[in-house]
1. Does at least one position in the range 30-44 carry a residue that is surrounded by fewer than 17 Cβ atoms within 10 Å (Cβ to Cβ), outside the structural domain of I132 (by TED's automatic domain parsing), closer than 25 Å to K130 by Cβ and free of Cβ contacts under 8 Å to residues at least 40 places away in the same chain?
2. Taking interchain pairs and intrachain pairs at least six residues apart, which have beta carbon atoms under 8 angstrom, with the first residue in the range 52-72 and in the same structural domain as L100 (by TED's automatic domain parsing) and the second buried (at least 17 other Cβ atoms within 10 Å of the Cβ) and charged (D, E, K, R)?
3. For the subset of the range 130-156 comprising residues that are in contact (Cβ under 8 Å) with a residue 60 or more places away in the chain and not aliphatic (A, V, I, L, M), which member is nearest to R21 (Cα to Cα)?
4. Can you find, within the range 108-129, the residue that is surrounded by the fewest Cβ atoms within 10 Å (Cβ to Cβ) among those that are among the β-branched types (V, I, T) and either without any contact (Cβ under 8 Å) to a residue 24 or more places away in the chain or assigned to a helix (DSSP H, G or I) (or both)?
5. Within 13 Å of the chain's Cα centre (by Cα) and either outside any helix (DSSP H, G or I) or over 17 Å from V117 (Cβ atoms) (or both) - does that describe any residue in the range 73-82?
Amino acid sequence: MVSNSGPLIHLAKIGLIHILRELYGNILITLEVKVEVVDKGKERGYSDALLIEKAINDGWIKVVRIEVPEKIYELAETAGLHKAEVEVIWLAYRRNIIVLLDDSVARIFAKSMGVRVKGSLGVIVEAFRKNILTRKDALNALDKISSIMYLSSDVYRIVRNSIEKYGYSNVTHPL
């Protein structure tokens, strides 16, 4: 699993960064992601930067270097992607692993390359379904995350229904 900045920040802000380790073991990030979330975050006094830095120091979030072909950067730039997004998408593509992305444009770009994508909401739902989070904790996490990142009312409702009805029916979700 490779992660972009957004999911790390969002999950750390709501106190759930640890579920990434419980679900996936190690998480890969690029140097650019580390600079965005830890270095710049610490400069701005964000406590989530310290939590992510601790995970790096503990060794379960690993910083890797990746060289992205110039053609990919050019193509991604026309789509409006940032350098870190391009790097994690390329890393996921090269290693054939899932990428954690919350930005819709980056998700579309990754999917167009055949990269499997999951977002912060998908992580919460998966943690619930694997009994890492209780139903109450998962719904609480959804409410917390909706206060720090934009969710359309439709997405919020789909995720909430998925959590509330899991175990009672075969509810699926697009996350």
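1. Initial filter on the range 30-44 (surrounded by fewer than 17 Cβ atoms within 10 Å (Cβ to Cβ)): 31, 35, 39-40, 42-44.
Among the residues that remain, those that are also outside the structural domain of I132 (by TED's automatic domain parsing) are: 31, 35, 39-40, 42-44.
Still in the running and closer than 25 Å to K130 by Cβ: none.
No: zero hits.
2. If the second residue must be buried (at least 17 other Cβ atoms within 10 Å of the Cβ) and charged (D, E, K, R), the pairs left are I56/K34; V63/K34; I66/E87; V68/E87.
3. Only one residue fits best here, namely K130.
4. Selected residue: I108.
5. no
Here is a yes/no grid of residues against (1) under 13 Å from the mean Cα position of the chain (by Cα); (2) farther than 16 Å from L28 by Cα; (3) exposed (fewer than 15 other Cβ atoms within 10 Å of the Cβ):
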| position | (1), (2), (3) |
| --- | --- |
| V88 | yes, no, no |
| R94 | no, no, yes |
| L100 | yes, no, no |
| A106 | yes, yes, no |
| N131 | no, yes, yes |
| L139 | no, yes, no |
| I148 | no, yes, yes |
| N161 | no, yes, yes |
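The values are calculated or read from the model by the stated rules, or taken from the named source; none is laboratory data. None of these values were measured; they are calculated from a predicted model. Reconstructed Cβ throughout: ideal geometry from the backbone, glycine too, with neighbour counts over all protein chains shown.
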